[in-house]
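Take a look at the structure below.
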Amino acid sequence: MAEQIRAVKGMNDILPPESARWEWLEGRLRILMARYGYANIRTPLVEPTALFVRGLGEVTDIVEKEMYSFVDSMNGDALTLRPENTAGVVRAVSEHNLLYEGGRRFWYIGAMFRHERPQKGRYRQFHQFGAEAMGFAGPDVDAELILMCRSLWRELGLVEGRDVRLELNSLGQPEERRAHRDALVAHFEAQADRLDEDTRRRLHTNPLRILDTKNPAMQPLVEAAPKLIDFLGEVSLAHLQAVRDVLDAAGQPYRINPRLVRGMDYYNLTVFEWITDRLGSQGTICGGGRYDTLIEQLGGKPAPAVGFGMGLERLLLLLDEAGLAPPPEAPVAYAIVPDAALLTPVLLAIEALRAAGVSVLMHAGGHSMKAQFKRADASGARYALVFGPAEVARGEVAVKPLRDPGAAQIALRLDAVEGWAASLLNA
């Protein structure tokens, strides 16, 4: 017997009925984005490796450790499975000149890939939903994206303060970050004997990421480090204050977190994260911010931009932890077919019901009436449609309610399906 082939570690099958929960969530996201006027954009799973090296930064963890990169055997191109989608959206917008007539708003949903240690809610293939607003420089769009997330939490039943909370910061502009960077390097160099290996590695390449360390031994040094907000100029502070003014007016609580940074190099000005305490130490469920230099950095015409991304696996896990997992969808009716010779009239009646909007799961493969009723009940259907020989001979189907023990079975005409189909949906 041949050895069984299994899925790649950290890349998971999504099977029924779990897949129905994904469809439910994705449907909510599509409705939300239409309400805010964001258009769907779909980019390839594979992009040139240079896109991420140039966009994310050579010394980020993603580029250094986590990307699935390979050389195309046909032409020698260096390619990478996308580890995130902002760079890909920027590439598409620039390549197709989508900002020619002004700012545009986009949203995406799809699989991303990072070679990291799989753990609950974090996998090597994961699925991300995100929104990108390009060509808009003002803080109003920053606030819009934050409030869009709030709308999603409320629609899903998540409670702000209990299930999710907002943290906010500003990364200022490149020259302000350079001054802060010099101060950070001087601060940590003065404590060289207390630095862990990760901090030493990042000290002269990406010192801002030191502030995001998870090492408890480093926390006192990080707390004492110079804060970026103290290096921000008047314009950067005004941008942050304008975002805060909108959030305050909208009644949205938040905490200014001076240690909040993002994992990619391209962010500037506003950065934000939605945090939960329900998922342990890995508490970020949504992160985003402004990236005004990235479009030019990737070869496009200079244009400001802001966006966010969230992992769907972690969001579904949060819904589970909060007791908000949606019930599995069940068919309205289950068709019981005790005699295969009746298949033709049965199929015609079922197709007419489906055309009228009634979801019907037809039993297949024979089995006794008792076994078929057992499967009908297990399906979660509200009704069993019994196509027995006597019923079909009279041009009827017996409709038996499965979720209301006191309701009586009734007979309905097969030649008048359109007339009574709505009663199954509305009962």
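Any read-out appearing in this document is the output of simple, stated calculations on the displayed coordinates, not a laboratory observation. All values reported here derive from a predicted model rather than from experimental measurement. Quick reminder, even Gly has a Cβ in these numbers, built from the backbone with ideal geometry, and neighbours come from all protein chains shown.
As I understand it, the value is the acute angle between the Cα axis of helix 417-426 and the longest principal axis of the Cα atoms of the chain; what does it come to in degrees, rounded to 10? Orientation of helix 417-426: about 50 degrees from the principal axis. Eigen-decomposition of the gyration tensor built on the alpha-carbon atoms of the stretch 125-165 gives equivalent ellipsoid semi-axes of 22, 16, 8 angstrom, largest listed first. By the compact-protein rule of thumb, 2.2 N^0.38 Å, the alpha-carbon radius of gyration of the chain corresponds to a ratio of 1.26. The magnitude of the dipole of the chain, with charges of +1 and -1 set on the Cβ of Lys/Arg and Asp/Glu and taken from the Cα centre, is near 840 debye. Between 0 and 90 degrees, the angle of helix 343-355 with respect to the longest Cα principal axis of the chain falls at about 50 degrees. At 25 °C and 0.890 mPa s, what whole-number value in µm²/s does Stokes-Einstein give for the translational diffusion of the stretch 154-240, with Rh from the Kirkwood sum over Cα pairs? The diffusion coefficient I find is 166 µm²/s.
In a DSSP loop and with at most 11 other Cβ atoms within 10 Å, the trypsin sites (Lys or Arg not before Pro) in the stretch 178-273 are LYS214. Expressed in units of 2.2 N^0.38 Å, where N is the residue count, the Cα radius of gyration of the stretch 4-139 is 1.18. The simple spin-label model puts a point 7 Å past each Cα toward its Cβ; for ALA224 and ASN426 those points are separated by 7.4 nm.
Positive end of the dipole of the stretch 333-426 (Cβ unit charges, origin at the Cα centre): among ALA393, ALA340, ALA376, the Cα lying farthest that way belongs to ALA376. Which percent of the Cα-Cα distances in the stretch 372-427 go past 13 Å? Within the stretch 372-427, distances greater than 13 Å cover 62 percent of Cα pairs. Fully extending the segment from HIS187 to HIS204 would add 4.9 nm, taking 0.36 nm per residue of separation and subtracting the current Cα-Cα distance. Within the stretch 1-55, all pairs of alpha-carbon atoms sorted by distance into 10 Å bins from zero give the percentages 16, 23, 35, 21, 5, 1. When the chain is described by a simple charge dipole with +1 on each Lys and Arg Cβ and -1 on each Asp and Glu Cβ, the residue from ALA421, GLN297, GLY88 located farthest towards its positive end is ALA421.
Panel values: the stretch 333-426, Kirkwood radius from alpha carbon pairs, Stokes-Einstein at 37 °C and 0.692 mPa s, translational diffusion coefficient 250 µm²/s. All Cα-Cα distances of the stretch 33-107, cut into 10 Å bins from zero to the largest, leave 17, 42, 28, 11, 1 percent in each bin in turn. Enumerate by residue number the trypsin sites (Lys or Arg not before Pro) in the stretch 1-42 meeting two conditions: DSSP loop (anything except H, G, I, E, B), and at most 15 other Cβ atoms within 10 Å of the site's Cβ. The qualifying sites are ARG6, LYS9, ARG42.
For the stretch 268-317, the convex hull drawn through the C-alpha positions has a volume of 86 cubic angstrom per residue.
Rounded to the nearest 10 degrees, the inclination of helix 369-378 to the longest alpha-carbon principal axis of the chain is 30 degrees. Computed over every Cα-Cα pair of the stretch 101-189 and binned at 5 Å starting from 0, the pair-distance distribution P(r) comes out as 3, 9, 12, 13, 16, 18, 17, 10, 3, 0 percent.
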